[in-house]
Amino acid sequence: MLRGARRLLPPQLRGRELALPRWARPLSSGSCTAGREEKPSSFLGTKWKDTAETVIIGGGCIGVSLAYHLAKAGMKDVILLEKSELTAGSTWHAAGLTTYFHPGINLKKIHYYSIKLYEKLEEETGQAVGFHQPGSIRIASTPTRVDEFKYQMTRAGWHPTEQYLIGPERIQELFPILNMEKVLAGLYNPGDGHIDPYSLTMALAAGARKYGALLNYPVQVTNLSPRSDGTWEVETPNGIIRTNRIVNTAGFWAREIGRMIGLHHPLIPVHHQYVVTSTIPEVKVLKTELPVLRDLEGSYYLRQERDGLLFGPYESQEKMKLQESWVTNGVPPGFGKELFESDLDRIMDHIEAAMTMVPVLKQADIINTVAGPITYSPDILPMVGPHQGVRNYWVAIGFGYGIIHAGGVGKYLSDWILGGEPPFDLIELDPNRYGKWITTQYTATKARESYGFNNIVGYPKEERFAGRPTERVSGLYEVLKSKCSMGFHAGWEQPHWFYKPGDEIGYKPSFWRTNWFEPVGREYKQVMEKVGVIDLTPFGKFIVKGNDSVKLLDHLFANVIPKMGATNISHMLTPRGQVYAELTVSHLSPGEFLLVTGSGSELHDLRWIEEEALKGGYNVEIKNITDEMGVLGIAGPFARKVLQKLTTEDLSDSAFKFLQSRHIKLSDIAATAIRISYTGELGWELYHRKEDSAALYNAIMEAGQEEGIDDFGTYALNALRLEKAFRAWGAEMNCDTNPLEAGLDYFIKLNKPADFIGKQALKQIKEKGLKRRLVYLTLETADVDPEGNESVWHNGRVVGNTTSGNYSYSTQQSLAFAYVPTELSKVGQKLEVELLGKNYSATIVEEPLVLTEQTRTRLQKKGGSVKM
């Protein structure tokens, strides 16, 4: 028996694999260890087809799940190609953890679906899956971690998942061999557990075959050739398959598949290790299986494996190991069911933490270590969906947690492929969140950070700093970087808030109001009373022009097309009538339009526009000018006075009306000026060459000295827009919402002649009536504000969720948007919003809290009262 952490393995055995778990029996050992052989169902024994509706490349659990779901949903001619054998790569050696928990929002749906599928898969397919559901407990051993659990509880309350915040006594009951000395609380999910990844994949494969899919292996894809009609030729040593679409599910070979068509998927293999012990007497005598334990401060998971324990750590970014040679030189051709050499020294800190938390480990023998490759994207989230710039090429790659994602992602992609739109919003998984600014070095640096940060506290407004800045910096970055706290937006650096003498500067995350709270109030006041300037360069910016530009945009947008020199807010809807995107549309010259979207939606929106242009055969030119154009916003009562000093153009209200756009010169710098501001105050957005940004900024700041001009950031912008009741895409509206329930009726022209996408569905939605509505809430809180995705309560039950929230600096109270049932949506309705474990009183109020500058001006002209 071994009593010290460094005696867990004798020196001569460190790095060797001794006996793998039941799903990963070795045939040999050494620097790489081969896994259990499966008798290949070679293509020679299976019907070979040279045409397909969909070709899936990669036979891990993700690819096989997609084949299962597409075939089950009725798609004919689904073909999966695997170069080696099913589960080769990362699937076969995975620890197989399954959990309902996810800190995000809609990824909870993916986890939920996966677990519900796995529960019934054996019955459906006749294939055992080895699914254990003893539950799981995340351990909080610091007060901050308890706050995090409370934060996560309100984000889970409006989902169907069972999740409980439990105390030490209940934790001890569930996990009797735990050292309770530092345990303050636990986050408990009763349905969590683990599954045999090999058996899961075989069950999905059996189901896929049952419904008509062909799983052909070993068949290597040697080349991909796009055809002019959007179809593909998939070349293999066994012949060419012509298919309507390709889905890359190739795991750590996904980069190689992407390279065949000129794409560089930002993926890198990470060495992940876990160890398995021999029988532990204290575990063997237990009458029920232990729940999976996640010690977040120790950064490891631990679960029961037969009568022993399985333990897997996430090392710090300094200690963890990447397989960088696979990125530069490619994956070794024969690598399939092999493992890396283990390195227990690298995880010794975690072993010692685990032995402190679970003391029986001190007496345990390690019978094997498993060190295998897991593919990471820069932000740890997978890339799922169609790829911009390449027709009918889809991906489901970069899964750090492939087992729990497999079922849900297979269903999600299947529904999207068959239905023509995503079944719900998962923009955080959009492969197009990564653009050409991504480099191999950035991918490696961020993967290190993401792996090392697996179990850090997940704060609101989290920022991570590795790999920054990228090449995507605005022309103002050097001017502003020392004056503010920057945020990261789709590769860009953008000021969140600005420093003044006496401020506590830097990034200080918290679940409570923190160091930016007072400075943001100062910036809010600056814009409301004087004039402020903001860097808006990260906006996605496209030019659409050509003979059919009006026709295309009329088909894409639910709003009317603005006249020459005018601008409007327009929404692209899905065929089901959901809000796919919100853009600002400006008609610059005959047939030429400037389209502007949020930074995080740039390629997400561009892909949709390009796809519709191709499908409809529209004669248009679409150009992405995001990286070429800088944008400055200027807003506040003195905005006109400041800009007028720099131009001969008449900027008066009668000459340059709200929502007008025109080309002007400011201090001899050419700009497209649009009279619009997300602040709701008098303002302009100024689009110009990025190389002119610093000169334009300096000219504006110099011209505004008399008016007391100053900077403001995106945090103040958000506070301003919420007081005006302006909706935000990704919060109040997305693919989960229709524009009518979001209160966007003003922008939706159901009577316009064009049959825009989603029009017919929206008419049906309107006819049937709405089940829920977006409402505007004020809250009585203390030192904490809503930010969105919190549970809304009424009469002791959860009835809805907030979408965004902030502090109202004008009325000095908290403010939020929320979706609630229509019967609870009237002004004056009393509700509660859960924040950090406490329900705060909330009241639905008439929107907005603060009238826009345009409305105030109009009321003043009419002699009416003005609400500030």
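The values are calculated or read from the model by the stated rules, or taken from the named source; none is laboratory data. Fair warning: this is a prediction, and the values are worked out from it, not measured in the lab. Virtual Cβ from ideal backbone geometry, glycine too; neighbours counted across all protein chains shown. Each accessible area value is taken on the protein alone, full model and side chains, heavy atoms only, with ligands, DNA and RNA left out. Shrake-Rupley method; radii C 1.70, N 1.55, O 1.52, S 1.80 Å.
Summary table
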read-out	value
Chain lengthening between Lys768 and Thr843 when straightened (0.36 nm per residue, less Cα-Cα)	24.2 nm
Amide H contacts of Gly308 (H built 1.01 Å from N, under 5 Å, at least 5 apart or other chain)	Ile280
The stretch 631-730, Rg to Rh (Cα coordinates; Rh as Kirkwood inverse mean 1/r)	0.95
Mean-position separation - Cα centroids, the stretch 542-576 and the stretch 719-778, in angstrom	17 Å
Accessible area (Å², 1.4 Å probe, nearest 10) - Lys749	60 Å²
FRET efficiency estimate (nearest 0.05) - Cβ-Cβ, Glu471 to Ile240, R0 45 angstrom	0.70
P(r) histogram, all alpha-carbon pairs of the stretch 158-311 included - 10 Å bins from 0, percent	8, 23, 23, 19, 17, 8, 1
Bridge type composition, the chain - antiparallel percent by DSSP, nearest 5	85 percent
DSSP-loop trypsin sites (Lys or Arg not before Pro) across the stretch 783-868, with at most 13 other Cβ within 10 angstrom	Lys826, Lys867
Pairs beyond 20 Å (Cα-Cα), from Lys500/Lys645; Lys436/Lys541; Lys483/Lys724; Lys108/Lys411	Lys500/Lys645; Lys483/Lys724
Computed helical MRE - 222 nm, the chain, DSSP H runs ≥ 4 contributing -39500 (n - 2.57), nearest 500	-7000 deg cm²/dmol
Dipole magnitude (debye, nearest 20) for the stretch 317-473, charges at Cβ of Lys, Arg, Asp, Glu	320 debye
Per DSSP, loop trypsin sites (Lys or Arg not before Pro) in the stretch 181-227 with at most 12 further Cβ within 10 Å	Arg227
Residue list for the stretch 770-795, given a label point 7 angstrom along the Cα-to-Cβ vector of Lys830 and an amide N cut-off under 12 Å	795
Cα long-axis angle, helix 693-703 against the chain (0 to 90 degrees, to the nearest 10)	40 degrees
Projected label distance in nm at Ile625 and Lys182, using a 7 Å step from Cα toward the beta-carbon	5.6 nm
For the stretch 499-651, with +1 on Lys and Arg beta carbons and -1 on Asp and Glu, the positive-most of Pro538, Val579, Pro501 along the dipole	Pro501
0 to 90° range, to nearest 10: angle between helix 714-723 axis and the chain longest Cα axis	70 degrees
Reciprocal of mean inverse Cα separation for the stretch 511-609 (Kirkwood radius, Å)	15.7 Å
Lys, Arg +1 and Asp, Glu -1 on Cβ, resulting dipole of the chain about Cα centre, debye, nearest 20	1200 debye
Charge dipole (the stretch 190-314, unit charges on Cβ, about Cα centre) - positive-most of Gln273, Val292, Leu204	Leu204
Phi-based couplings in Hz for the stretch 212-227 (Karplus 6.51, -1.76, 1.60; Gly and Pro marked x)	x, 6, 9, 10, 10, 6, x, 9, 8, 7, 9, 6, 10, 10, x, 9
Where GluC sites (Glu not before Pro) fall in DSSP loop in the stretch 750-790, at most 15 other Cβ within 10 Å	Glu780
Extended-chain gain in nm, criterion 0.36 nm per residue less alpha-carbon gap, Gln860 and Ser652	73.2 nm
Calculated P(r) of the chain - Cα pairs past 53 Å, %	16 percent
Per-residue ³J(HN,Hα) for the stretch 103-110, Karplus 6.51 cos²θ - 1.76 cosθ + 1.60, θ = phi - 60°, Hz, x for Gly and Pro	x, x, 9, 7, 5, 4, 5, 4
Residue (of Val775, Ile765, Ala754) at the positive-pole extreme of the stretch 736-782, dipole from beta-carbon charges	Ala754
